[in-house]
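Enquirer: This structure is in structure tokens; I'll ask about it shortly.
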Amino acid sequence: MITRLLALVLPVAFTATAAFAQAFPVSVGHAYGTTTIEAAPQRVVTWGWGTQDAVLALGVVPVGIPSMTYGGDGEGLLAWTRAAIEQTGQPMPEILGDGAGAPNFEAIAALDPDVIIAIYSGVSEEEYARLSQIAPTVVFPEIRWTASWQDVVRMTGEALGKSGEATQLIADTERFIADEVAKYPAIAGKTVINFVDSGEGSISIRKAIDPRTKLLLSFGLLPAPELDNSDSGAFNYLLSYENLASLDADILVAFMDSPEAAEAFFAQPYAARAPQVEKGALVLIDGASTTMAVGGAVTPLSLRWALPDLVAAVGAAAEAAEKP
């Protein structure tokens, strides 16, 4: 039996933040250098994926955030992000365009931000230089689109002068994950491959440096051997459909755009004959919101929304993997 992960709207749970005093100015190191923020930011703009959730969870409502064209509602807001903003009673931030694309420089400048935070993003060095002319800008630690949710929270906390609160938020979220995983002891030590259907005859396998894979590995799973190490900076590699059945992993985690797309994909011989599929050691995530929650914009807020279902599905797949 294939374990399908269904979207389930759970209440957004905030981590209570203590009053940790932090003096300004603060300096935050990142891939393009060090950014100094002279005073506690009052007008925060975020770019990329997930940073708006970290800002919200640390008690600040941004003045501008990107839209999420995949998984978002009619205004481009993810369900847990909207719930978090509505809980504050403050106005909705300005929506600045697709966070996976190039920054909307004019719209960002018009908001007169005190800081721009773009930690899980694809901001180039040229774009960073242009954003820095608008306001102090903080980007990813090393490689574009590879910051973990912990990196996002930690660096956001530094930029906001809330490092203590960020440390507590990370600890509380990791404890929440650990408590859920502890319910399914079969998970520990199983190998996993996490992929999406890229179309055109291939799947895109997310490597161990990808934050979505990092989340799965935090459950106690192990990364399966990578078949393509030609680009150490890439977070994924492509594998042709006909080689899917040869993947050496106990569990497959597959992200599909819709139930219909998933049904069509796994009805094909190249997928149906994969040993993980035959044994039921497959976790199938086929809804846009849930995909973003645990396989896209992973954040403390999104994990409270969808993690219990994901861990339960991985636990069922791990038990199926043990079958002879």
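Enquirer: What do you get for the angle between helix 125-134 and the principal long axis of the chain? Use alpha-carbon atoms, 0 to 90 degrees, nearest ten.
Expert: Compared with the principal axis, the helix lies near 30 degrees.
Enquirer: Any idea what log10 I(q)/I(0) is at q = 0.11, 0.12, 0.14 Å⁻¹ for the range 231-324, Debye with uniform C-alpha scatterers and no solvent?
Expert: Here the Debye-derived log intensity ratios amount to -0.36, -0.43, -0.58.
Enquirer: Next question. Rounding to the nearest 20 debye, state how big the charge dipole of the range 196-324 is about its Cα centre with +1 on each Lys and Arg Cβ and -1 on each Asp and Glu Cβ. Please list the in-between numbers first.
Expert: Working: 8 positive and 17 negative charges, 83 e Å.
Rounded to the nearest 20 debye, it is 400 debye.
Enquirer: Which value, in Å² rounded to 10, gives the accessible area of R130 with a 1.4 Å probe and all protein chains present?
Expert: 110 Å²
Enquirer: From the C-alpha gyration tensor of the range 245-289, pull out the three semi-axes of the equivalent ellipsoid (sqrt of 5λ each), sorted largest to smallest, in whole Å.
Expert: Details: eigenvalues 66, 30, 10 Å².
Taking √(5λ) for each Cα gyration eigenvalue gives 18, 12, 7 Å.
Enquirer: To one decimal place, what Kirkwood hydrodynamic radius in Å is obtained for the range 165-324 from all pairs of distinct Cα atoms? Intermediate results must be reported in sequence, preceding the final value.
Expert: Values: mean 1/r = 0.0626 Å⁻¹.
Roughly 16.0 Å, rounded to one decimal.
Enquirer: Arrange the residues R144, R82, R43 by how much accessible surface each exposes, largest first, with a 1.4 angstrom probe.
Expert: Values: R144 110, R82 50, R43 90 Å².
Putting R144, R82, R43 in descending order of accessible area: R144, R43, R82.
Enquirer: Suppose we look only past 15 Å in the calculated P(r) of the range 148-239. What percent of the Cα-Cα pairs does that tail hold? Before the final figure, lay out the partial values.
Expert: Details: 2815 of 4186 pairs.
The proportion of pairs with Cα distances above 15 Å equals 67 percent.
Enquirer: Which value in nm describes the separation of the simple spin-label points at A40 and T69, placed 7 Å from the Cα toward the beta carbon?
Expert: For the pair A40/T69, the computed spacing is 3.8 nm.
Enquirer: With only Lys, Arg, Asp and Glu charged, each at its Cβ (+1 for the first two, -1 for the last two), find how big the charge dipole of the chain is about the Cα centre; round to the nearest 20 debye.
Expert: Working: 18 positive and 38 negative charges, 139 e Å.
Dipole magnitude for the chain comes out near 660 debye.
Enquirer: A follow-up question, please. Counting each DSSP H run of 4 or more residues in the chain as -39500 (n - 2.57), what helix-only mean residue ellipticity at 222 nm follows after dividing by all residues, to the nearest 500 deg cm²/dmol? Each step should come with its number before you reach the end.
Expert: On the way: 12 runs with 118 residues, N = 324.
After summing the helix terms and dividing by the residues of the chain, the value is -10500 deg cm²/dmol.
Enquirer: When we measure straight from the Cα of K214, which lysines land under 18 angstrom away, once same-chain ones fewer than 8 places off are left out?
Expert: The reachable lysines, counting only those whose Cα sits under 18 Å from K214, are K190.
Enquirer: Taking Cα atoms, how many degrees apart are the long axis of helix 79-88 and the longest axis of the chain, rounded to 10 and kept between 0 and 90?
Expert: For helix 79-88, the angle is close to 30 degrees.
Enquirer: Taking the full set of protein chains and a 1.4 angstrom probe, give the accessible area of K183 in square angstrom, rounded to the nearest 10.
Expert: We get 120 Å² for K183.
Enquirer: Next up: How would Y128, Y184 line up by accessible area, probe 1.4 Å, largest first? Numbers along the way, then the final one.
Expert: Values: Y128 30, Y184 60 Å².
Largest accessible area first, the list is Y184, Y128.
Enquirer: Tell me, what is the 1.4 Å probe accessible area of M92, in Å² to the nearest 10?
Expert: 80 Å²
Enquirer: Which value results for Rg/Rh of the chain when Rg is the Cα radius of gyration and Rh the Kirkwood radius based on the inverse mean 1/r? Walk me through the numbers on the way to the answer.
Expert: Values: Rg = 19.8 Å, Rh = 20.2 Å.
Ratio of gyration radius to Kirkwood radius for the chain: 0.98.
Enquirer: May I pose another question? Give me the percent of Cα-Cα pairs in the range 14-117 that sit more than 19 Å apart, rounded to a whole number. Please report the intermediate quantities before stating the final value.
Expert: Working: 2481 of 5356 pairs.
Percent of Cα pairs beyond 19 Å in the range 14-117: 46.
Enquirer: Follow-up question, since we're still on this one. Before anything else, pin down the relative contact order of the chain: Cα pairs under 8 Å, at least 6 apart, normalised by residue count, whole percent. Present the calculation step by step, with values, prior to reporting the outcome.
Expert: Details: 645 pairs, mean separation 76.5, N = 324.
Rounded, it is 24 percent for the chain.
Enquirer: Tell me, what is the FRET efficiency for E106 and Q22 to the nearest 0.05, using R0 = 35 angstrom and their Cβ-Cβ distance as r?
Expert: Values: r = 32 Å, r/R0 = 0.92.
Once rounded, the FRET efficiency stands at 0.60.
Enquirer: If you wrap a convex hull around the alpha carbons of the range 65-209, what volume per residue comes out, as a whole number of Å³? Mind dumping the intermediate values first?
Expert: Details: hull volume 24.8 nm³, N = 145.
Value for the range 65-209: 171 Å³ per residue.
Enquirer: Carbon and sulfur together cover what percent of the accessible area of the chain at a 1.4 Å probe radius?
Expert: On the way: 6840 of 13140 Å².
That fraction is 52 percent.
The values are calculated or read from the model by the stated rules, or taken from the named source; none is laboratory data. All values reported here derive from a predicted model rather than from experimental measurement. Reconstructed Cβ throughout: ideal geometry from the backbone, glycine too, with neighbour counts over all protein chains shown. All accessible areas refer to the heavy atoms of the entire protein, side chains included, with ligands and DNA or RNA removed. Shrake-Rupley method; radii C 1.70, N 1.55, O 1.52, S 1.80 Å.
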